[in-house]
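These notes concern the structure reproduced below.
The values are calculated or read from the model by the stated rules, or taken from the named source; none is laboratory data. Values in this document were obtained by computation on a predicted structure and should not be read as measured data. Cβ atoms come from the backbone with ideal geometry, glycine included; neighbour counts cover every protein chain shown.
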Amino acid sequence: MKNKHFGQRVAVLIDVQNLYHSAKNLYKSRVNFGEILKKAVENRNLIRAFAYVIKTKTGEEKSFFEALTKLGIETRVKDLQEFYGGQKKGDWDVGLVIDAIRISPTLDTIVLVSGDGDFIPLVEYLKNQGKRVELIAFAKTASHSLVEEADEFTDLAKYSKKFLLKK
């Protein structure tokens, strides 16, 4: 298994909805994405950082998207789908997987910032391609199987003062 070392080429893929809801529901806080990006890169070469975000009709998240961009994180934006009956859906899983597979040949390490167990097949695929896969999420809401599959897991709750912002 590859370890972290200076010079590794890294991409960071952030499932914003997953982190947002975990931080809000567990800690009544917001996530400090700047600190998460620093932790994910750790003296290695950042090649790309993507945040997968959902845009609402009100546009209230515009300043948040701009803040991500200022941190050097590219936003992948999708409109919130609203269905008859009031149900809403905002899901980026397939887009994140496609990006990970598309950029992985030029990388040593992929840092997945999500606890979503739907990404287990992606982690398995990337590791089979010889990539190091690191996971950053909240242990309480992360899939245990996903955590087990990753080469390394960082529990954001253990460092809550660093990774959470009080509302």
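Here is how the numbers come out for the structure above:
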quantity	calculated
Leading residue by the ranking (modelled with the lowest pLDDT) among those in the stretch 111-129 that are under 14 Å from residue 148 (Cα atoms), assigned to a helix (DSSP H, G or I) and not small (Gly, Ala, Ser)	118
Test: residue in the stretch 90-110 that is at negative phi, outside any helix (DSSP H, G or I) and loosely packed, with under 11 Cβ neighbours inside 10 Å	no
Looking only at the stretch 111-128, and only at residues there that are over 18 Å from residue 94 (Cβ atoms) and touching a residue at least 24 places away in the same chain (Cβ under 8 Å), the one that is surrounded by the fewest Cβ atoms within 10 Å (Cβ to Cβ)	127
Residue count, the stretch 42-54 (criterion: free of Cβ contacts under 8 Å to residues at least 40 places away in the same chain and either among the aliphatic types (A, V, I, L, M) or surrounded by 23 or more Cβ atoms within 10 Å (Cβ to Cβ) (or both))	5
Which numbered condition residue 6 misses (of (1) among the hydrophobic types (A, V, I, L, M, F, W, C); (2) more than 20 Å from residue 62 (Cα to Cα); (3) crowded, with 19+ Cβ neighbours inside 10 Å)	(3)
The stretch 61-87, subset at pLDDT below 75 and surrounded by 11 or more Cβ atoms within 10 Å (Cβ to Cβ), residue nearest to the chain's Cα centre (by Cα)	80
Residue match in the stretch 113-123 (condition: over 28 Å from residue 160 (Cα atoms) and either touching a strand residue (DSSP E or B) at 6+ places or on another chain (Cβ under 9 Å) or not charged (D, E, K, R) (or both))	yes
Qualifying positions in the stretch 120-156 - within 15 Å of residue 13 (Cα to Cα) and touching a Leu at 6+ places or on another chain (Cβ under 6 Å)	120, 133, 135, 150, 153
Residue, surrounded by the fewest Cβ atoms within 10 Å (Cβ to Cβ), within the stretch 10-40, restricted to residues that are charged (D, E, K, R) and closer than 13 Å to residue 136 by Cβ	38
Qualifying residues in the stretch 139-155 (those that are under 14 Å from residue 127 (Cβ atoms) and either in contact with a His (Cβ under 8 Å, 6 or more places away or on another chain) or small (Gly, Ala, Ser) (or both)) - the one surrounded by the fewest Cβ atoms within 10 Å (Cβ to Cβ)	145
Positions within the stretch 131-167 being of a type in the set (Phe, Trp, Tyr) and assigned to a strand (DSSP E or B), in sequence order	153
In the stretch 33-77, the residues that are under 20 Å from residue 111 (Cβ atoms), outside any helix (DSSP H, G or I) and among the acidic types (Asp, Glu)	42, 74
Matching option when the condition is surrounded by fewer than 13 Cβ atoms within 10 Å (Cβ to Cβ), more than 15 Å from the chain's Cα centre (by Cα) and not aromatic (Phe, Trp, Tyr), among 158, 131	158
